[in-house]
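> Provided herewith is a single structure, encoded as structure tokens, for subsequent inquiry.
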Amino acid sequence: MSEALLGPTSQSFISQRLRLNYVDWGNPGAPPLLLLHGGRDHCRNWDWVAADLRRDYHIVAPDLRGHGDSAWSTSGDYSMNAFVYDLAQLIHQQRLAPLRIVAHSLGGSIALRYAGVFPETLVKLVAIEGLGPSPAQLAERAQRGAVERMRSWVAETRKLAARIPRRYTTLEDAFHRMQTENKHLTEDQARYLTVHGAMQNEDGTYSWKFDNYVRAFTPADFSHDELREIWGNVSCPVLLVNGAESWASNPAKDGRAAYFKNARVAEFEGAGHWVHHDKLDEFLEVTREFLAD
């Protein structure tokens, strides 16, 4: 059978006693390229990107803890520190460094922090809207004291503990929800992402694979100045990707691109938050050129 027709193999690794899933697209003799998905998503959202780039790279795409086919944290710990540790463990255990990373949203935030802490392990990094809240949002959040942030987190987590995951009668119902969530997706894209992102419950209904606890934001994180220090320690070239129709702030306009030693911004017209879905061909063209030596 032609390798072009073969999908990835499913593998796993251990991090903080959690068994975490990743898919491997083969071509182990090629330079390693890790694809990191965003919040409430899963590793198979990269399949269109991986199918193209697998010719030149050894592609590995993990499911974050609490997402896809990875284990849920029994303590509900989905802090940024935990995610960065998981990424460090995968790269360490599978001996992937030095490597390239392409990451989206939450995955981008994780990858950028990892790159600042372990700059010697990265060759190139593409972050699709991975800088997190804008400077204005961070400034607003900083005005809330530690007590208020902690009380809010306790209340939010308590609500999540009582929340029953939404159940869809059919996979088709889940598919329609996926279409509503991102109107830029084609019907085929939405259906594909639904098939890989939903699981069937014992009663025959369907729910999304992610743990609802991933919705809670930690009350304690690095300050803006500390994040600036981490980003400033990234030594590899960085491509910051932005969708012109997204809610995310453009880092070239809000000043955050200047925090990096070597970064440029690529904005895609007609794209929302999921640039790699909304403008796949254009994204692949820009990314392939950037990743090349």
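> Select from segment 216-240 the residues that are under 18 Å from G38 (Cα atoms) and at pLDDT below 95 and write down the one among them that is surrounded by the most Cβ atoms within 10 Å (Cβ to Cβ).
A216
> Do you know which residues across segment 9-63 are aromatic (F, W, Y) and over 16 Å from F283 (Cβ atoms)? Reasoning before the result, please.
Initially, segment 9-63 is screened for residues aromatic (F, W, Y), giving 13, 22, 25, 46, 48, 57.
Once the filter is applied, which keeps residues that are aromatic (F, W, Y) and over 16 Å from F283 (Cβ atoms), segment 9-63 yields F13, Y22, W25.
> Next question, about the same structure. Can you name every residue in segment 49-69 that is of a type outside the set (D, E), out of contact with any strand residue (DSSP E or B) (no Cβ under 7 Å at 6 or more places or on another chain) and either in a loop (DSSP other than H, G, I, E, B) or touching a residue at least 60 places away in the same chain (Cβ under 8 Å) (or both)? Outline the logic, then answer.
Residues of segment 49-69 of a type outside the set (D, E): 49-51, 53-55, 57-62, 64-68.
Narrowing the set further to residues that are out of contact with any strand residue (DSSP E or B) (no Cβ under 7 Å at 6 or more places or on another chain) leaves 51, 54-55, 64, 66-67.
Matches in segment 49-69: R54, R55, L64, G66, H67.
> Please work out if D281 is among the acidic types (D, E), at pLDDT 95 or above and within 16 Å of the chain's Cα centre (by Cα). Outline the logic, then answer.
On the way: among the acidic types (D, E): yes; at pLDDT 95 or above: yes; within 16 Å of the chain's Cα centre (by Cα): no.
No, not satisfied.
> Given the conditions (1) over 23 Å from R288 (Cβ atoms); (2) at pLDDT 95 or above; (3) not in a helix (DSSP H, G or I), which single one is not true for R100?
In the conditions (1) over 23 Å from R288 (Cβ atoms); (2) at pLDDT 95 or above; (3) not in a helix (DSSP H, G or I), R100 misses (1) alone.
> Pick from segment 127-137 the residues that are surrounded by 15 or more Cβ atoms within 10 Å (Cβ to Cβ) and closer than 16 Å to A220 by Cα: which of them is modelled with the highest pLDDT?
Per the stated criteria, the residue is G132.
> Please work out which one of (1) part of a loop (DSSP other than H, G, I, E, B); (2) under 23 Å from R95 (Cβ atoms); (3) charged (D, E, K, R) is the condition D41 fails and give its number.
D41 satisfies all of (1) part of a loop (DSSP other than H, G, I, E, B); (2) under 23 Å from R95 (Cβ atoms); (3) charged (D, E, K, R) except (2).
> In addition: What do you reckon, is W247 part of a loop (DSSP other than H, G, I, E, B) and either at pLDDT below 95 or touching a helix residue (DSSP H, G or I) at 6+ places or on another chain (Cβ under 6 Å) (or both)? Let's see the steps before the verdict.
Details: part of a loop (DSSP other than H, G, I, E, B): yes; either at pLDDT below 95 or touching a helix residue (DSSP H, G or I) at 6+ places or on another chain (Cβ under 6 Å) (or both): yes.
Yes.
> Being small (G, A, S) and more than 16 Å from A127 (Cβ to Cβ) is the filter; apply it to segment 35-64 and report the residue that is surrounded by the most Cβ atoms within 10 Å (Cβ to Cβ). Even if it seems obvious, please write down each step before you answer.
The initial filter retains those residues of segment 35-64 that are small (G, A, S), namely 38-39, 50-51, 61.
Now restrict to residues that are more than 16 Å from A127 (Cβ to Cβ): 50-51.
Details: A50: 22, A51: 15.
Among them, the one singled out is A50.
> Could I ask something else about it? Quick one: in segment 241-293, which of the residues that are more than 26 Å from A30 (Cα to Cα) and among the aromatic types (F, W, Y) is surrounded by the fewest Cβ atoms within 10 Å (Cβ to Cβ)?
The qualifying residue surrounded by the fewest Cβ atoms within 10 Å (Cβ to Cβ) is W247.
> Could you count how many residues in segment 46-78 are of a type outside the set (A, V, I, L, M, F, W, C) and within 30 Å of R158 (Cβ to Cβ)?
To start, the set of residues in segment 46-78 that are of a type outside the set (A, V, I, L, M, F, W, C) comprises 47, 52, 54-58, 62-63, 65-70, 73-78.
From what's left, within 30 Å of R158 (Cβ to Cβ): 62-63, 65-70, 73-78.
Residues meeting the conditions: 14.
The values are calculated or read from the model by the stated rules, or taken from the named source; none is laboratory data. This is a predicted model, so every value here is computed, not measured. Note that we place each Cβ from the backbone using ideal geometry, even for glycine, and neighbour counts take in every protein chain shown.
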